[in-house]
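Heads up: the structure comes next, in structure tokens.
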């Protein structure tokens, strides 16, 4: 699959951004475009069958994607999107050591949040415009970290599981998975001093550095934790874990929560 990269920003057609509701990378790409270009169109493939068909016709099965002038760019990596548009993007601001420390704390807080999800809410949609349950949202927070560790170990990152595993039927099951995932992350962190964080990691959207993938995974999980907190609050449950500036400072987090 070709990933078009173009410099100079000299486009003839309107920029089109394809997203789906509740997607952290989609929201970040949308906010980046909003601060970078004059105008663009947004299509939600989960609620716009024609938009989904346009991507499928090009062999594209994941979002966010930016399409313009018959060229496209996977927008999971804002640096790649910036190069495609011919504009500048911010560089990393946190060291791998700091990111690993933040992630450990984030996973601890995430496990506390997940344990608060009652059985009836576990199977409900987290947001009306996307077919993702609250239980799957909680699992996704953790699975992003699990996939990160596997990707750093093998040099090949595989995107997160889109469905709940069959042995995860309630919040306690997901929380146990969280404890296992946190232990894996800690084991990696214990030997991370000698890891080459500048080395590329193979993904379906390009070959970002291990440092970039670590940063993306941290803010990705933390952003979904914000969503999980909001779901709990909407159902009258006071979240046990706070997401404060000590956790989010320096992370390239989206400003919004859902869209």
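The values are calculated or read from the model by the stated rules, or taken from the named source; none is laboratory data. What you see is a predicted model, and the numbers here were worked out from it, not measured in a lab. Because the Cβ atoms are built from the backbone with ideal geometry, glycine has one as well, and the counts that use them run over all protein chains shown.
General remarks:
Residues are listed down the side, and each one gets a yes or a no for (1) closer than 30 Å to residue 48 by Cα; (2) not assigned by TED's automatic domain parsing to the domain that holds residue 193:
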position	(1), (2)
79	yes, yes
108	no, no
130	yes, no
141	yes, no
156	no, no
161	yes, no
173	no, no
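- For the stretch 79-92, a residue qualifies if it is closer than 20 Å to residue 14 by Cβ and touching a helix residue (DSSP H, G or I) at 6+ places or on another chain (Cβ under 8 Å), and the qualifying residues are 81, 82, 85, 87.
- Flag if residue 83 is exposed (fewer than 14 other Cβ atoms within 10 Å of the Cβ) and under 27 Å from residue 198 (Cα atoms): no
- Only residues that are modelled with pLDDT under 95 and in contact with a helix residue (DSSP H, G or I) (Cβ under 8 Å, 6 or more places away or on another chain) were counted in the stretch 199-212, giving 5.
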